[in-house]
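Written out below as C-alpha cells is the structure these notes cover.
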Amino acid sequence: MIVLKNITKKYQGKSVLFDLSLEISEHETMCILGVSGCGKSTLLKVMAGLELADGGSFEMEEQHVFDIPAEKRGIVYMSQEPLLFPHLNVFENIAFGLRVRKWTNSEVEEKVNALATRLGLTEELMKMPHQLSGGQKQRVNFGRSLIIEPRLILLDEPFGSLDSQTRAEMQQLFHDVRKEKKITALFVTHDIKEALIMGDRIARMDKGQLKVYPNSGAFLNSGDDDVVKELSFWNGVINGEMI
Amino acid sequence: MQGFKKNSAVFLFIAIAVVPVLCGFIYSLLYSVGLAGLLGKGFTLEHWEKLLASSDGLMSIGYTFYLTITTIALSMIMAFAYAWYHFRQPSERSVSKLYLPLLFPPLVAGMAWYFVLSPSGLLSRWSYALGFIQRVEDFPRWVNDDFSFGIILTQFFLVFPIFTLLFLNISKKENLRELYRTALHLGGDKRYFFKNIFLPILWSKGKWVVVLYAIFLMGTYEVTLILGQTNPRTITVFIMEKLSKYNLNDIPQAHAMSVLYSTMMLLFMMILFRLKNWRIA
C-alpha cells in the first residue's frame with residue numbers, strides 16, 4: 001500500500017502541491033489527469049526523490065520513503081524523453097539495473113532476453129540507441145525500468161512524444177504487461193482516453209490538489225468539464241454532426 | 001547543383017589541404033633517398049641508415065612520445081576531474097576562467113613559464129628572498145631539466161583548458177544530468193554513474209579530439225625549444241636543427257625523420273580507425 005499524506009511543495013513562494021493525499025493499492029495503476037503546470041509532474045518528482053517535499057509524508061509498505069535516498073527507493077521514474085544511455089546498446093541499456101545489482105552474466109542474459117522477447121525487441125538488442133525509432137526507444141526505456149521489478153513505476157506522460165499509432169501500440173503493451181507483471185504504477189497524462197485505457201482508477205489534479213474517483217465509471221459520470229467535452233465530441237462524430 | 005557544390009568543396013579541400021602536404025611528403029621521401037636536393041647523387045639508403053643507427057634520432061622519437069603521453073594523460077585526468085567537479089557543482093564563472101590560458105600562444109606561454117621556473121626566475125628569487133634557499137643555485141632545476149618538468153607544466157597549461165571545455169560541452173550536449181537521474185532511479189549511485197556512464201560517455205565522444213590534439217602537440221616545437229635540453233630533443237626540434245645547420249649533409253636526415261614521423265602517425269591513425277570500439281571503461 002502506498003500512502004501519501006498532506007504533501008506540500010512550493011516554488012518561489014507559490015504552492016504547487018497543496019495538502020495532497022493519495023492512496024494506491026498494490027498492483028494498481030492510478031492515472032492522474034491534469035492540465036500543464038497543475039503540479040502532476042512535481043508530484044512524481046517528489047515521490048521519485050528528484051525534488052524535496054516541503055511537508056507531508058510518503059509511506060510505502062509501512063516505510064517512510066522520504067528518509068530513503070532516491071537510488072534505494074525502488075521507484076522508477078519514466079519521463080516523456082526515453083533518455084537511453086547513448087554509449088550502451090539496447091541489451092546493456094535494459095540490463096543496466098541488473099549490472100548495478102551485480103547479477104551474474106548468465107542471469108542477466110536470461111532475464112534480458114526474456115523481457116526483450118516480451119517487448120518485441122529481440123531484433124534490436126545489439127543496436128545502439130541512435131539506431132532506434134521513438135517507439136523502440138520507449139520500449140527499451142520501459143524494459144529497463146521493468147527488469148529490476150520496482151516497487152512503483154512513475155510514468156510522466158511517457159507516450160506523449162510518440163505518433164498516434166505507436167502511442168496506441170505502447171498503451172496496449174503497457175496495459176498487457178502491467179497486468180501480467182502485477183505492476184503498481186502512477187501514470188500521469190493529459191489525455192482522457194489514455195487515462196481510461198491505463199488506469200484502474202483515475203484522479204484529476206487541479207491547482208495542486210487531487211480528486212480521486214473510485215472507478216472509470218464514476219469518473220465518466222462525474223460531470224468533469226473535459227469529460228463532458230470529450231463525450232460530446234464523440235457523440236457528435238457518431239451522429240454525423242462534426243463531419 | 002547540390003552535387004556540384006559538394007564536389008567543389010571536396011576538390012578545394014584536396015587542393016588546399018591535401019596536395020601541398022602530399023607534395024611535401026613525396027619531396028622529403030625523395031630527398032631522404034638522394035633523389036632530390038642539392039646533394040642528391042642518385043638513390044641511396046645512407047641517410048636512413050645514419051638516422052636509424054644514431055641514438056640521437058631514436059631518442060628524439062622516444063622523448064617526443066614521453067612528453068606527449070605525459071602531458072595528454074595529466075591533462076585528461078585533470079579535465080575529467082574538473083568536469084566531474086563542475087557536474088556536481090555547476091558554476092559559469094569558473095568555466096569562463098578556462099578561456100584565459102587559450103589566449104597565450106605557445107611561444108609566449110613557454111617564455112612566461114621560463115621566467116617563472118628558471119634558476120634566475122621569479123620562483124627562485126622569491127624562494128631566496130623568503131629564505132627557503134641559501135643560494136640561487138639551490139633552487140631545483142625545472143627548466144631544461146632531465147624530466148622536462150617545465151615543458152610538461154607549460155603544455156599542461158595549454159592543453160588542460162581545451163580538454164576541460166571539450167568535456168564540459170559533451171557533458172551538456174549528452175544530457176548527463178538527466179542520465180544521472182535515470183541511473184539513480186535504476187539503483188546506481190554517484191560512484192557507479194561516474195565509472196560506468198560519465199567517464200565512458202566523455203571518452204567515447206571526445207577521444208578523437210584527444211588523439212588529434214596529441215598528434216598536433218607532437219608537431220609543435222616552440223615550448224620544447226625554449227624549455228627543453230639540447231639532448232634529448234623532440235622530433236620537431238631535431239628536424240629544425242638538422243635543416244637549419246650549416247652542415248648540408250644533415251638535411252637528408254631531417255627529411256628522413258619527417259617521413260618516418262609522418263608514416264608513424266599515419267599507421268597509428270589507421271590502427272585506431274580499425275579498432276572501432278576502443279574505450280577506457
Determine whether the range B:69-77 contains at least one residue that is farther than 30 Å from B:ARG177 by Cα and either open to solvent by 30 Å² or more (accessible area, probe 1.4 Å) or modelled with pLDDT of 90 or more (or both).
yes
Here the residues within the range B:199-228 that are at the interface with another protein chain (Cβ under 9 Å from one of its Cβ atoms) and not hydrophobic (A, V, I, L, M, F, W, C) are B:PRO200, B:SER204, B:LYS205
Picking from A:LEU125, A:LEU154, A:LEU146, the residue that is within 13 Å of chain B (Cβ to nearest Cβ), open to solvent by less than 50 Å² (accessible area, probe 1.4 Å) and in contact with a Phe, Trp or Tyr (Cβ under 6 Å, 6 or more places away or on another chain) would be A:LEU154
Filtering the range A:30-44 down to residues that are in a helix (DSSP H, G or I) and either touching a residue at least 60 places away in the same chain (Cβ under 8 Å) or farther than 11 Å from A:ASP156 by Cα (or both) yields A:LYS40, A:SER41, A:LEU43, A:LEU44
When B:VAL259 is run through (1) over 23 Å from B:ALA73 (Cβ atoms); (2) part of a helix (DSSP H, G or I); (3) open to solvent by 20 Å² or more (accessible area, probe 1.4 Å); (4) among the β-branched types (Val, Ile, Thr), the failure sits at (3)
Per the list (1) buried (at least 18 other Cβ atoms within 10 Å of the Cβ); (2) over 17 Å from B:ALA183 (Cβ atoms); (3) not basic (Lys, Arg), residue check on A:GLY134 breaks on (1)
Q) among the aromatic types (Phe, Trp, Tyr), open to solvent by less than 90 Å² (accessible area, probe 1.4 Å), in the same structural domain as B:PRO119 (by TED's automatic domain parsing) and without any contact (Cβ under 8 Å) to a residue 12 or more places away in the chain: does that describe B:TRP203? A) no
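Residue-by-condition table, conditions (1) touching a residue at least 60 places away in the same chain (Cβ under 8 Å); (2) in contact with a helix residue (DSSP H, G or I) (Cβ under 7 Å, 6 or more places away or on another chain); (3) under 16 Å from A:ILE32 (Cβ atoms):
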{"site": "A:PRO150", "(1), (2), (3)": "yes, no, no"}
{"site": "A:ALA168", "(1), (2), (3)": "no, no, no"}
{"site": "A:GLN172", "(1), (2), (3)": "no, no, no"}
{"site": "A:ASP176", "(1), (2), (3)": "no, no, no"}
{"site": "A:LYS182", "(1), (2), (3)": "yes, no, no"}
{"site": "A:HIS190", "(1), (2), (3)": "yes, no, yes"}
{"site": "A:ILE197", "(1), (2), (3)": "no, yes, yes"}
{"site": "A:ARG204", "(1), (2), (3)": "yes, no, yes"}
| query | What do you reckon, is B:ILE16 open to solvent by less than 80 Å² (accessible area, probe 1.4 Å) and modelled with pLDDT of 85 or more? | reply | no
Among A:LYS40, A:LYS72, the single one that is farther than 30 Å from A:MET126 by Cα and either out of contact with any Cys (no Cβ under 6 Å at 6 or more places or on another chain) or not hydrophobic (A, V, I, L, M, F, W, C) (or both) is A:LYS40
Residue count, the range A:23-42, condition crowded, with 16+ Cβ neighbours inside 10 Å and either within 14 Å of chain B (Cβ to nearest Cβ) or over 13 Å from A:VAL65 (Cβ atoms) (or both), comes to 12
Considering the range B:239-275, residues that are farther than 20 Å from B:LEU39 by Cα and among the aromatic types (Phe, Trp, Tyr), and then whichever is farthest from the chain's Cα centre (by Cα), we arrive at B:PHE273
For the range A:44-65 the number of residues that are open to solvent by less than 40 Å² (accessible area, probe 1.4 Å) and either closer than 14 Å to A:LYS211 by Cβ or within 14 Å of another protein chain (Cβ to nearest Cβ) (or both) is 7
Taking the range A:66-120 and the residues there that are free of Cβ contacts under 8 Å to residues at least 40 places away in the same chain, open to solvent by 40 Å² or more (accessible area, probe 1.4 Å) and within 9 Å of chain B (Cβ to nearest Cβ), the one that is farthest from A:VAL140 (Cα to Cα) would be A:PRO69
Q | B:PHE167 being in contact with a Phe, Trp or Tyr (Cβ under 7 Å, 6 or more places away or on another chain), touching a residue at least 24 places away in the same chain (Cβ under 8 Å) and closer than 23 Å to B:THR68 by Cβ | A | yes
In the range B:150-191, residues that are open to solvent by 50 Å² or more (accessible area, probe 1.4 Å), part of a helix (DSSP H, G or I) and within 24 Å of A:ARG144 (Cα to Cα) total 7
Exactly one of B:ASN249, B:ASN231, B:ASN196 is among the polar types (S, T, N, Q), touching a residue at least 60 places away in the same chain (Cβ under 8 Å) and within 14 Å of another protein chain (Cβ to nearest Cβ), and that residue is B:ASN196
Per the filter on the range B:227-256, residues part of a helix (DSSP H, G or I) and either open to solvent by 30 Å² or more (accessible area, probe 1.4 Å) or over 19 Å from B:TRP48 (Cα atoms) (or both) are B:LEU227, B:MET240, B:GLU241, B:LEU243, B:SER244, B:LEU248, B:ASN249
For the range B:85-106 the number of residues that are more than 14 Å from B:ILE162 (Cβ to Cβ) and surrounded by 17 or more Cβ atoms within 10 Å (Cβ to Cβ) is 2
Of the residues in the range B:28-45, those that are open to solvent by 70 Å² or more (accessible area, probe 1.4 Å) and free of Cβ contacts under 8 Å to residues at least 60 places away in the same chain come to B:LEU35, B:LYS41, B:PHE43, B:LEU45
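The values are calculated or read from the model by the stated rules, or taken from the named source; none is laboratory data. Just so we're clear, the structure is a prediction, and the values are computed from it rather than from any experiment. Don't worry about glycine lacking a Cβ; one is built from the backbone with ideal geometry, like all the others, and counts go over all protein chains shown. Heavy atoms of the whole protein, side chains included, go into the accessibility calculation; ligands, DNA and RNA do not. Shrake-Rupley method; radii C 1.70, N 1.55, O 1.52, S 1.80 Å.
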